[in-house]
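Okay, so here's the structure we're looking at.
The values are calculated or read from the model by the stated rules, or taken from the named source; none is laboratory data. Remember, predicted model here, so these are calculated numbers, not experimental data. Heads up, the Cβs are rebuilt from the backbone with ideal geometry, glycines too, and the neighbour counts pull from every protein chain shown.
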């Protein structure tokens with residue numbers, strides 16, 4: 001594998017840091033909320049001598065975007081994502097309050113608004129954005145074909161799928177997204193989800209009870 005993948009797990013969200021020999025790097029869903037999480041991530045990036053070129057969100061549900069203000073301030077880069085979930089970002093404080101949490105930051109506006117088929121480059125790698133709505137209207141998965149890896153956000157999990165009990169979610173749309181967009185990838189593709197352990201496309205085709 002030409003890229004390195006470091007999984008960081010703030011607030012039970014899988015944050016991924018990707019880099020290659022060029023030392024250019026990409027963050028995916030850097031949901032750092034607490035000071036110790038921010039310090040740990042910053043220290044690791046400094047120790048590896050990395051330059052953060054992009055921060056990507058798979059979607060804009062609050063647990064995945066907690067760190068967006070910090071990433072912009074710390075590294076001087078805006079977050080790229082689809083804007084279909086922007087209502088979640090605009091109302092983050094009131095949404096987290098329902099869970100007994102307090103969040104006083106304002107989520108910065110997006111940098112590049114990504115759509116299906118858009119590409120993001122860093123070092124010698126190219127990431128392809130795949131629109132996989134259902135869990136949320138703006139959900140994106142990120143695929144690196146040369147490395148056979150997929151970052152699926154909350155669309156596809158090991159043995160499960162993303163929640164669809166939100167007002168703007170839709171079960172049938174999610175199933176179609178997975179079967180048409182993700183299951184068309186090679187079976188050996190390693191899937192790194194937004195929560196939980198990694199899996200493969202082939203394993204989910206065979207064993208995921210939601211997708212039989």
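Report whether or not residue 18 is touching a helix residue (DSSP H, G or I) at 6+ places or on another chain (Cβ under 6 Å), touching a residue at least 40 places away in the same chain (Cβ under 8 Å) and either within 26 Å of residue 163 (Cα to Cα) or not in a loop (DSSP other than H, G, I, E, B) (or both). When the stated conditions are applied, residue 18 does not pass them.
Listed here are the residues, each with its yes/no results for (1) farther than 25 Å from residue 117 by Cα; (2) touching a residue at least 40 places away in the same chain (Cβ under 8 Å); (3) more than 12 Å from the chain's Cα centre (by Cα).
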site: 5; (1), (2), (3): no, yes, yes
site: 11; (1), (2), (3): yes, yes, yes
site: 31; (1), (2), (3): no, no, no
site: 55; (1), (2), (3): no, no, no
site: 58; (1), (2), (3): no, yes, no
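Does region 64-77 hold any residues that are under 15 Å from the mean Cα position of the chain (by Cα) and surrounded by fewer than 21 Cβ atoms within 10 Å (Cβ to Cβ), and which are they? Across region 64-77, there are no qualifying residues. Criterion applied to 187, 168 was being at pLDDT 95 or above and either out of contact with any strand residue (DSSP E or B) (no Cβ under 8 Å at 6 or more places or on another chain) or part of a helix (DSSP H, G or I) (or both), and the one residue passing it is 168.
Among the residues making up region 22-39, those that are in contact with a strand residue (DSSP E or B) (Cβ under 9 Å, 6 or more places away or on another chain) and either assigned to a strand (DSSP E or B) or over 27 Å from residue 162 (Cβ atoms) (or both) are 22, 23, 24, 25, 26, 27, 28.
So which residues in region 131-141 are buried (at least 24 other Cβ atoms within 10 Å of the Cβ) and part of a strand (DSSP E or B), if there are any at all? 140, 141, listed by residue number. Scanning region 21-50 for residues that are touching a helix residue (DSSP H, G or I) at 6+ places or on another chain (Cβ under 9 Å) and more than 27 Å from residue 103 (Cβ to Cβ) gives 23, 50.
Counting only residues that are under 16 Å from residue 200 (Cβ atoms) and either buried (at least 19 other Cβ atoms within 10 Å of the Cβ) or under 12 Å from the mean Cα position of the chain (by Cα) (or both), region 143-180 holds 11 of them.
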